[in-house]
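Taken together, the values in this text are just the output of simple stated rules run on the coordinates, not laboratory data. Owing to the predicted nature of the structure, the values given are computational and were not obtained by experimental measurement. Heads up, the Cβs are rebuilt from the backbone with ideal geometry, glycines too, and the neighbour counts pull from every protein chain shown.
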Amino acid sequence: MTMSLSSAARSDLLVRGYSRRSFGRIATLLAAGATVQAMTRSAKAAILPSGINFAGMTRLGSNECWTGPFPEAARAGAAAVFESNRYDPTGHMRDDLVRTAADVEQVPQTHIMPWCGSSDPLARAIVTFCSPERGLVTADPSYEAGWVASEWLKLPLAKVPLSAKNHYRTDVRAMLAADPNAGVYYICSPNNPTGTLTPLRDIAWLVEHKPAGSVVLVDEAYIHFSNAPSAVELVRQNKDVIVLRTFSKMFAMAGMRLGLTFARPDLHERMMRYDGRNETQMLPVPAMACGTMSLTMKSAIDARREEMIAARTMTFRHLRARGIHFIPSDANMFVIDWKKPAAPIKDAFLKQNIVIGRSWPIWPNASRISVGSMDEMKTFCTVLDRVTG
Ligand SMILES: Cc1ncc(COP(=O)(O)O)c(C=O)c1O
């Protein structure tokens, strides 16, 4: 799929120091709608498991939800399939989604934009607020889609290692020191892969001290699993903050594609410049129906979080009893430090029909494990004993 950039977008990109040569790469990135689709083969391989037939396997590798969407929401989505001959069957499905999110998050509707997942707005934020002069700063390890976008566009990239001293939390002061003139400071909270939270006061500190013209991009893909206060609070205060949310995790809609961003209207407007429109259009109808209902299902969200915590707690107990080092987590994933290369261990799990998550180059001895159902985690523990015994 090709996409041509609007003339407003082209002149804005030139002013910010992008070369004409980079226009094609930017168009590819944005037209793909998901960063991974525009990536090089090796970068892609780092994120996506490839060539595996998952049938019959215990899948603890991609931080997906272990079960489907909330049944009531799924039924609303299924009913909407039959009306999906229309771009928007009622003419106000998109408005319903935005209004519902505004009610739940107590944010003006003007500050919400729906998307087909959160990968697209993540990539756009990099294109929009970074430039060859103003790069991206991120923790390491952290979710790599933004890094991949910045590498694809040849933008400056500063990675700040997580450390035990800081409880593996994103260190906002070190991030600012790493590049005091960046365009985007990306904070994933809870962080993928560690599941560690960045306290809201730290994010607020960064927002107050960051350079003018930059944004703090807070990726809250896993926030519902933690019950922590959201950085949407800073959006309510009209700060230079963009909050990314996806329906792919707690709401179990990874294959349906839905996401939201929360930000001041002028920030959203700049992100939309490449489409020549002020808002996203034509979202998947079943996803909107399912997602709108999911947002309101507080007791189902709480119950699913508790279910995940029970499975995670059982697993942590098992790891502790065997002296296996792991990082305590506030999300549906955690990191195990095997104290030896993780790649052969991942292969050994695979031979036992368990897919565990990837390693990051900075921590080659560590693997990310997604938290599955209690039964899946019991299977994981049994196989762990076999693999490490
Ligand atoms: C931290 C984080 N952000 C964003 C995404 C992208 O989510 P999606 O495009 O499915 O909404 C993921 C997916 O795993 C993620 O882990």
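In summary, the aspartates and glutamates within cross-link reach of Lys210, defined as a Cα separation below 19 angstrom excluding same-chain residues under 8 places away, comprise Glu133, Asp171, Asp179, Asp202, Asp219, Glu233, Asp240, Asp266. For Thr196, the residues whose modelled amide H falls within less than 5 Å of its own, excluding neighbours fewer than 5 places apart on the same chain, are Asn191, Asp330. Computed 3J(HN,Hα) for the stretch 168-173, one whole-Hz value per residue from the Karplus formula 6.51 cos²θ - 1.76 cosθ + 1.60 where θ = phi - 60°, is 6, 8, 4, 9, 5, 5, glycine and proline marked x.
Number of Lys-Lys pairs in the stretch 269-389 with C-alpha atoms under 28 Å apart and a separation of 8 or more places or on different chains: 7.
What do you get for trypsin sites (Lys or Arg not before Pro) in the stretch 290-329 restricted to DSSP loop and a cutoff of at most 16 other Cβ within 10 Å of the site's Cβ? The partial results should precede the final answer.
Numbers: sites: Lys298, Arg304, Arg305, Arg312, Arg317, Arg320, Arg322; in loops: Arg322.
Sites meeting the loop and neighbour criteria: Arg322.
For the stretch 331-348, backbone phi angles converted through the Karplus equation (6.51, -1.76, 1.60; θ = phi - 60°) give residue-by-residue couplings of 9, 8, 7, 7, 10, 9, 9, 7, 6, 7, x, 7, 4, x, 5, 4, 4, 5 Hz, Gly and Pro being listed as x. Helical content of the chain, expressed as a calculated mean residue ellipticity at 222 nm, amounts to -12000 deg cm²/dmol (DSSP H runs of 4 or more residues, -39,500 (n - 2.57) each, divided by residue number, nearest 500). Its relative contact order, with pairs defined as Cα atoms under 8 Å and 6+ residues apart, puts the chain at 22 percent. Rank Gly323, Gly77, Gly276 by mean-square fluctuation in a GNM of the chain with C-alpha springs under 10 angstrom and give only the top-ranked residue. For the chain, modelled as a Gaussian network with Cα springs under 10 Å, the answer is Gly323. GNM remark for the chain: springs join alpha carbons under 10 Å apart, and the peak mean-square fluctuation among Lys159, Lys378, Lys340 falls on Lys340. Taking a sphere under 10 Å around the Cβ of Thr194 and counting the other residues whose Cβ falls inside, with K and R at +1 and D and E at -1, yields a net charge of +1.
With springs connecting C-alpha atoms under 10 Å apart, model the chain as a Gaussian network and identify which of Ala55, Ala331, Ala231 has the largest mean-square fluctuation. Answer for the Gaussian network model of the chain: Ala55. Placing +1 on the Cβ of every Lys and Arg and -1 on the Cβ of every Asp and Glu, with no other charges, gives the chain a dipole of roughly 1040 debye about its Cα centre. Rg and Dmax of the chain, based on Cα coordinates, read 20.5, 62 Å. Relative to one another, the C-alpha centroids of the stretch 364-389 and the stretch 339-354 are positioned 10 Å apart.
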